[in-house]
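Trainee: Structure below; questions to follow.
The values are calculated or read from the model by the stated rules, or taken from the named source; none is laboratory data. Keep in mind it's a predicted model, so treat the numbers as computed, not measured. Cβ sites come from the backbone with ideal geometry, for glycine too, and all protein chains shown count toward neighbours. The accessibility values were calculated without ligands, DNA or RNA, using every heavy atom of the protein model including side chains. Shrake-Rupley method; radii C 1.70, N 1.55, O 1.52, S 1.80 Å.
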Amino acid sequence: MRAGLPGRRSILLGTVGLAAAAGYGAERLAGTVVRPGIPISDLTPGKAVSGPVGFGLAGLGGARSVLASRRGAPFLLHVWATWCSPCRHELPGLAAFMKTWGPDCPVVPVAVSSGSPEEIHAFLDRNDVALLPVWAVAGEDLKAWCGNRALAIPVTFLIDNAGCIRATAAESLDWAAPGAPAALRRVLAATSA
């Protein structure tokens with residue numbers, strides 16, 4: 001997996017109203033047949049390609065979080081959107097992966113340009129993935145951190161101890177693959193080395 005910000009299904013983040021223009025409605029995710037994503041082990045850490053991530057996240061009930069607070073340990077920043085069909089197909093696998101891992105799961109799912117945290121939670125609830133953590137980022141903040149470049153979603157960034165991008169997967173990951181948690185542990189250990 002190459003580091004950087006590739007743009008296969010490129011969009012310019014921060015374009016509010018894209019969901020309405022695309023005409024995507026919420027759909028039931030259970031039972032949807034799609035091709036598996038790329039293996040987590042393909043997130044091979046390279047040289048840091050960004051400044052430290054530091055934008056803020058909005059959560060349910062007015063909760064706030066800053067990704068800079070996660071510095072000191074590598075993690076995955078998974079960016080998705082309610083209006084993104086590949087994202088919607090990936091969510092059940094991601095939710096199951098996070099549930100299996102437990103409360104210290106090093107994956108931070110963040111919805112971009114998808115409405116308020118309450119709207120995102122309602123979407124997840126309607127689609128049987130209500131256990132997924134609800135965090136939202138303003139499209140403008142994500143776009144600024146990415147250097148105002150086009151960005152494909154879903155996208156998963158491997159973030160190192162200093163908060164910098166070390167690898168990028170610009171498509172769905174295969175969260176349900178046998179050995180996926182062990183693969184992520186190896187990726188995170190290689191990022192810390």
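Trainee: Do the conditions hold for Ala30, that is, is it under 19 Å from Asp128 (Cα atoms) and at pLDDT 95 or above?
Mentor: no
Trainee: Let me ask something else. Find the residue count for the stretch 125-168, including only residues that are within 16 Å of the chain's Cα centre (by Cα) and under 19 Å from Ser192 (Cβ atoms).
Mentor: Final tally of qualifying residues: 11.
Trainee: A follow-up question, please. May I ask you to list the residues in the stretch 55-79 that are under 20 Å from Ala152 (Cα atoms) and not in a strand (DSSP E or B)?
Mentor: The one that is under 20 Å from Ala152 (Cα atoms) and not in a strand (DSSP E or B): Phe55.
Trainee: Does Ser50 fit the bill of being assigned to a helix (DSSP H, G or I), modelled with pLDDT under 95 and touching a helix residue (DSSP H, G or I) at 6+ places or on another chain (Cβ under 9 Å)?
Mentor: no
Trainee: Same structure, new question: Can you list residue pairs whose Cβ atoms sit under 8 Å apart, with the first residue in the stretch 75-89 being under 11 Å from Val107 (Cβ atoms) and the second being in a helix (DSSP H, G or I)? Count only pairs 6 or more apart in sequence or on different chains.
Mentor: Pairs that qualify, where the first residue is under 11 Å from Val107 (Cβ atoms) and the partner is in a helix (DSSP H, G or I), are Phe75/Leu188; Leu76/Leu184; Leu77/Leu67; His78/Leu94.
Trainee: All but one of (1) open to solvent by 20 Å² or more (accessible area, probe 1.4 Å); (2) touching a helix residue (DSSP H, G or I) at 6+ places or on another chain (Cβ under 8 Å); (3) not acidic (Asp, Glu) hold for Lys99; which doesn't?
Mentor: (2)
Trainee: Moving on. Pairs, please: C-beta under 6 Å, at least 6 apart or cross-chain, first residue closer than 14 Å to Leu77 by Cα and hydrophobic (A, V, I, L, M, F, W, C) and in the stretch 91-105, second in a helix (DSSP H, G or I) and at pLDDT 95 or above?
Mentor: Cys105/Met98
Trainee: Take the residues in the stretch 43-96 that are more than 27 Å from Ala193 (Cα to Cα) and charged (D, E, K, R); name whichever of them is most open to solvent (accessible area, probe 1.4 Å).
Mentor: Arg64
Trainee: Could you tell me which of the residues Leu142, Leu184, Leu131 is touching a helix residue (DSSP H, G or I) at 6+ places or on another chain (Cβ under 9 Å), of a type in the set (A, V, I, L, M), buried (at least 20 other Cβ atoms within 10 Å of the Cβ) and touching a residue at least 12 places away in the same chain (Cβ under 8 Å)?
Mentor: Answer to the selection: Leu184.
Trainee: So, restricting to strands (runs of 3 or more DSSP E) that lie completely within the stretch 80-193, which ones have at least 2 residues that are in contact with a Phe, Trp or Tyr (Cβ under 7 Å, 6 or more places away or on another chain)?
Mentor: Answer list for the stretch 80-193: 107-112, 165-169.
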